[in-house]
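The values are calculated or read from the model by the stated rules, or taken from the named source; none is laboratory data. Keep in mind the model is a prediction, meaning the values are calculated, not measured. Glycine gets a Cβ as well: all are built from the backbone with ideal geometry, and neighbour counts include every protein chain shown.
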Amino acid sequence: MGFVCLSMIVLGRIWYVQRVDVFLHTRAKNQWTATTQIDPMRGAIYDSTGGILAFDTPAYDMDINLQGIASHGPATVQTLAAGLSQIVHTTPAVMLSELHRPGVVWLRMYPYLVQVPLAAKQRILALFAKLGLQNDVSPYKTYRRVYPDGRFASQVIGFTDNFGHGAAGVEYEYNKYLSGVPGYETYTPDNLGDPIPFRPIIRKPVQNGDSLYLTLNSVIQHYAEHALAVIKQRFRPAHAAIIVANPMTGAILAMATLPNYNPNYFWRYPSSTLDTNWAISDPFEPGSTFKPVTLTGALSTHSIRLNQTYMSGVDYVNGVPIRDWNVYGWGRLTYLQAFVYSSNVGFIHIGQAEGVKNFYHYFQLFGLNKPTGIDLPGEASSIIFPAKNLNPVDFATMTFGQGLAVTPIQQIAAIGAIANGGHLLTPYVVQKIVAPNGQVLMNHKPHIVRRVASPAIMREVTNAMVQVVNNDPQGNTGVIPGYNIAGKTGTAEIPKPSGGYYKNLYNLSFIGFGPAHHPALEIMVTVNEAHNTAQWGDWVATPAAKYVLQKSLAYLRIPPHTSAAPSLQGVTLTSYVRVPNVEGMTSLAASTALSQLGLSTNTVGGPGKVAAEWPRPGTSVAKGDQIALVSRPQLSGQRGQIRMPNLLGMVMTEAMRICASLGLQLVPRGVGYAHGQSVKPGQLVSLGTPVTVTFTPTP
């Protein structure tokens, strides 16, 4: 009876192992079958013209037997390390440390002996054979990613890691399309691992990766990278970025950054360089390049008119003085002039008229409250105080672009809405995805997020931006002959992590588009911590933007537009005139001559001959602008005397110009606006008389 029970138990166990225990069954099956994976070829990456930016080429992973090598002695290991270092371009010490790894039998040495090209593979095999180590190296066929242009557009293209996976840029963002699907071969192997003849081989075909066609134009990208190279050489910035876009579609035509890297040798660069695309991943305080956003909101809500006036120089908000960039201002200006002169005080008034609620509403309408959704990894978002926690001083600084932070790509999208007449578009870098058989899997169409403002308002802002470029008080560095260019510069302080701002560190930027009234190109240049220069966006960022725009407009064969074309119907273009030389004319004759050109006048000194004028003769100004005339009155008193002008309310620079023109010596006391003068207006004084003028911060 016991024997029968024992037999039943044994037979039951045999049946269980053979029929029920899947794990043991699978393990047994694996002992007499083998599966080989067939790696797919990764899809290529092309620019918008079909030029190739990244592709796969056959390569090999070289596995080496460390225990087998060690058994040949230290001298052989040292000779092998020296030989390998020459082939893979590193030092013998690095190779020795790899060959002496403890506890490792077979080593796949990253990054030196993976994805090596055929020529390097042959040299490695020859070296092992020469040292009698041919049985201690085993090559496996794979693919190597090649970036033929090195650093070119590296932050957009990205790179693949040691395992062939996308690790940055579109290589990462579109990895599921590019990577393809591996194939397999399952067969019965002999004792050497080779398939047994006449036994079936089960194959799953490999699916190679899909290819990407980017929106980048390699010629425009080249212009952007050349401009950045000049910036790097001249100003040694901490980082910088240039973005060129088509504002009518949102397509990114160029995106260049500093620092960049060569994706063929990505392991040589710090993670901060590999992981940071300064064009999209670094919010910063934009400064005056943000002013078009504030202006759009104020005009759209009918909070202001561009011909309204205010007194520039300084404004007190909750007792805190906030000054214009030139400290003293320019006297009384219109809001249009506030935009052209980049008056912070003017934009405090504009923002206060617009109100906090409307300001935040248009911040959101312009898409500045969240990432744009560009198809690149690592995009950051803006930083802004919650409206409920906002105090008047913080709001005042936000109106002119300080105290809030946005990314360059957010600004490109926002200003693009001004350029195209009011539509916020999603920026993108991949135009289409094409399967290996030629089928187009995705063809990108422009995506309208929302309407920001009416075309009429955007034309008004555009015209103001054109005047900024043409009448910039720092110089017309952005003017391109034959084209109307709309733009705005920015010089923004950099905040300290502990609070407050660094004294001598700035973000310098330019944003604009052209041709202004039928735009084909939009550009953003931002330079962080420039050295060896005065800290003005006009001096650093604007020349780079002008170079890229001028070259790109010529390359795209966009003709100059020096007058209104049929496509400009309904658009009010700004008219400009050159200030004539009226010095030596009577003040009445000078006023008449300037009036005939559409210019108004402000005469200081009463009737008499004009001794000086401002702006200076030859300056290009918009029709309607005011010209200051300083006259030498015809006097009936003693020869060599002059009648004292009324300087009250003037800023120091204006008072100095007038006194110098009249031959009087200004002695200033304090800063700001003239509140008192030692010589009464209208009093006769001798040439060279010192005049003490008291200035105070309030007008």
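State all residues of the stretch 323-355 that are part of a loop (DSSP other than H, G, I, E, B), within 20 Å of M650 (Cα to Cα) and touching a residue at least 24 places away in the same chain (Cβ under 8 Å); if no residue qualifies, say none.
Passing the criteria: W325, N326, V327, Y328, G329, W330, G331, S342, S343.
Which of the residues spanning the stretch 71-92 are over 17 Å from A129 (Cβ atoms) and in contact (Cβ under 8 Å) with a residue 12 or more places away in the chain?
The answer is Q78, V88, T90, P92.
Any residue in the stretch 262-277 that is within 17 Å of T399 (Cα to Cα), under 16 Å from the mean Cα position of the chain (by Cα) and not in a loop (DSSP other than H, G, I, E, B)?
no
Specify the residue that is nearest to M255 (Cα to Cα); the eligible residues are those in the stretch 537-569 that are in a loop (DSSP other than H, G, I, E, B) and at pLDDT 75 or above.
Top of the filtered list is L556.
One residue is enough: does the stretch 104-112 have a residue meeting the conditions in contact with a strand residue (DSSP E or B) (Cβ under 8 Å, 6 or more places away or on another chain) and assigned to a helix (DSSP H, G or I)?
No, the stretch 104-112 contains no residue that is in contact with a strand residue (DSSP E or B) (Cβ under 8 Å, 6 or more places away or on another chain) and assigned to a helix (DSSP H, G or I).
Consider I384 carefully, then state whether it is modelled with pLDDT under 95, surrounded by 17 or more Cβ atoms within 10 Å (Cβ to Cβ), of a type outside the set (F, W, Y) and in the same structural domain as V244 (by TED's automatic domain parsing).
On the way: modelled with pLDDT under 95: yes; surrounded by 17 or more Cβ atoms within 10 Å (Cβ to Cβ): yes; of a type outside the set (F, W, Y): yes; in the same structural domain as V244 (by TED's automatic domain parsing): yes.
So I384 fits the description; yes.
Hey, does the stretch 441-461 have a residue that's surrounded by 20 or more Cβ atoms within 10 Å (Cβ to Cβ), among the small types (G, A, S) and in a helix (DSSP H, G or I)?
Taking every residue of the stretch 441-461 in turn, none turns out to be surrounded by 20 or more Cβ atoms within 10 Å (Cβ to Cβ), among the small types (G, A, S) and in a helix (DSSP H, G or I).
Please work out if T49 is within 30 Å of K432 (Cβ to Cβ), modelled with pLDDT under 90, in contact with a strand residue (DSSP E or B) (Cβ under 7 Å, 6 or more places away or on another chain) and of a type in the set (S, T, N, Q).
It is false that T49 is within 30 Å of K432 (Cβ to Cβ), modelled with pLDDT under 90, in contact with a strand residue (DSSP E or B) (Cβ under 7 Å, 6 or more places away or on another chain) and of a type in the set (S, T, N, Q).
Of these, A59, A54, A81, A70, which one is under 30 Å from Y428 (Cβ atoms) and in contact with a Leu (Cβ under 9 Å, 6 or more places away or on another chain)? Talk me through it step by step, then tell me what you get.
Working: A59 fails: under 30 Å from Y428 (Cβ atoms); A81 fails: under 30 Å from Y428 (Cβ atoms); A70 fails: under 30 Å from Y428 (Cβ atoms).
None of the other options fit; the residue is A54.
Quick one: Q596 ticks every box in (1) surrounded by fewer than 14 Cβ atoms within 10 Å (Cβ to Cβ); (2) at pLDDT below 75; (3) farther than 18 Å from V340 by Cβ except a single one, so which number is it?
Failed condition: (2).
Before we move on, is Y269 aromatic (F, W, Y) and assigned by TED's automatic domain parsing to the domain that holds V429?
It is true that Y269 is aromatic (F, W, Y) and assigned by TED's automatic domain parsing to the domain that holds V429.
Looking at A119, A126, can you tell me which residue is under 44 Å from the mean Cα position of the chain (by Cα), assigned to a helix (DSSP H, G or I), without any contact (Cβ under 8 Å) to a residue 12 or more places away in the chain and surrounded by fewer than 16 Cβ atoms within 10 Å (Cβ to Cβ)?
Just one listed residue meets the conditions, A119.
Residues checked against (1) within 19 Å of P74 (Cβ to Cβ); (2) at pLDDT 90 or above; (3) in contact with a helix residue (DSSP H, G or I) (Cβ under 7 Å, 6 or more places away or on another chain):
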{"site": "P92", "(1), (2), (3)": "yes, yes, yes"}
{"site": "P102", "(1), (2), (3)": "yes, no, no"}
{"site": "P111", "(1), (2), (3)": "no, no, yes"}
{"site": "Q115", "(1), (2), (3)": "no, no, no"}
{"site": "A120", "(1), (2), (3)": "no, no, yes"}
{"site": "K130", "(1), (2), (3)": "yes, yes, no"}
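Anything in the stretch 479-529 that is within 15 Å of the chain's Cα centre (by Cα), in a strand (DSSP E or B) and among the acidic types (D, E)? List them, or say none.
The one that is within 15 Å of the chain's Cα centre (by Cα), in a strand (DSSP E or B) and among the acidic types (D, E): E522.
Taking the condition in contact (Cβ under 8 Å) with a residue 12 or more places away in the chain, surrounded by fewer than 19 Cβ atoms within 10 Å (Cβ to Cβ) and assigned to a strand (DSSP E or B), does P139 pass?
For P139, the condition - in contact (Cβ under 8 Å) with a residue 12 or more places away in the chain, surrounded by fewer than 19 Cβ atoms within 10 Å (Cβ to Cβ) and assigned to a strand (DSSP E or B) - is met.
This table checks each residue for (1) surrounded by 19 or more Cβ atoms within 10 Å (Cβ to Cβ); (2) under 30 Å from V170 (Cα atoms); (3) modelled with pLDDT of 90 or more.
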{"site": "N307", "(1), (2), (3)": "no, no, yes"}
{"site": "Y310", "(1), (2), (3)": "yes, no, yes"}
{"site": "F366", "(1), (2), (3)": "yes, yes, yes"}
{"site": "A380", "(1), (2), (3)": "no, yes, yes"}
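All but one of (1) over 30 Å from P481 (Cβ atoms); (2) at pLDDT below 75; (3) surrounded by 14 or more Cβ atoms within 10 Å (Cβ to Cβ) hold for A674; which doesn't?
Among (1) over 30 Å from P481 (Cβ atoms); (2) at pLDDT below 75; (3) surrounded by 14 or more Cβ atoms within 10 Å (Cβ to Cβ), the lone unmet condition for A674 is (2).
Could you please find all residues in the stretch 142-185 being more than 23 Å from P436 (Cβ to Cβ), surrounded by 19 or more Cβ atoms within 10 Å (Cβ to Cβ) and of a type in the set (D, E, K, R)?
Listed by number, the list holds a single entry, D149.
Of the numbered conditions (1) at pLDDT 95 or above; (2) out of contact with any Asp or Glu (no Cβ under 9 Å at 6 or more places or on another chain), L376 satisfies every one except a single condition; which is it?
Unmet for L376, out of (1) at pLDDT 95 or above; (2) out of contact with any Asp or Glu (no Cβ under 9 Å at 6 or more places or on another chain): (2).
For the stretch 331-344, indicate whether the set of residues that are more than 26 Å from I418 (Cα to Cα) and either touching a Phe, Trp or Tyr at 6+ places or on another chain (Cβ under 8 Å) or modelled with pLDDT under 95 (or both) is non-empty.
yes
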